[in-house]
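First up is the structure itself, then whatever we jot down about it.
Where a number appears in this text, it was derived from the coordinates with a stated rule and is not lab data. This one's a predicted model, so the numbers in the text were calculated from it and none came from an experiment. Cβ: placed from backbone, ideal geometry, glycine included. Neighbour counts: every protein chain shown.
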Amino acid sequence: MLPQPKPDVFNPIRIDEKLCICCNLCDWICPGDVIYKEEDNKETMPVIAYPDECWYCGLCDSTCPTDAITIIFPKPMIDNQTDVVRLLGKVT
Ligand code: SF4
Ligand code: SF4
């Protein structure tokens, strides 16, 4: 049975069914194993099996040959004003 995403979990990975050619690349490239695609079945779409484990690394998006993937960044992430240099303690 295919893994099914939990309905109450935000899914940041949207796949356009009209563009997807079921090539498996997004499943193969995802470092977090977030995306599951039945390897030998060209008829089934990828499933975002573990959306809450996405790292927002963008590899699936940049690897998809048909540009079928869109990543939705949560607002708190977009609005984040963290001063990374200060956080890392490199301010003299
Ligand atoms: S953004 Fe990265 S971690 Fe998230 S689904 Fe895509 S490849 Fe996986
Ligand atoms: S990489 Fe793109 S075209 Fe290939 S299975 Fe994933 S979403 Fe579909």
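The dipole here belongs to the chain: it is taken about the Cα centre, uses +1 on the Cβ of Lys and Arg and -1 on the Cβ of Asp and Glu, and is about 400 debye. Note on F73 and E53: the extension gain reaches 5.9 nm, defined as 0.36 nm multiplied by sequence separation minus the Cα-Cα distance. Restricting attention to the chain, lysine pairs at least eight places apart or on different chains and with alpha-carbon atoms under 29 angstrom apart total 9. Projecting the Cα atoms of P46, L19, P7 onto the dipole axis of region 1-59, where Lys and Arg carry +1 and Asp and Glu carry -1 at the beta carbon, places L19 farthest toward the positive end.
Shape analysis of the chain based on the Cα gyration tensor places the equivalent ellipsoid semi-axes at 30, 14, 12 Å, largest first. Computed from the C-beta positions of T82 and D61, the FRET efficiency with R₀ = 30 Å rounds to 0.85.
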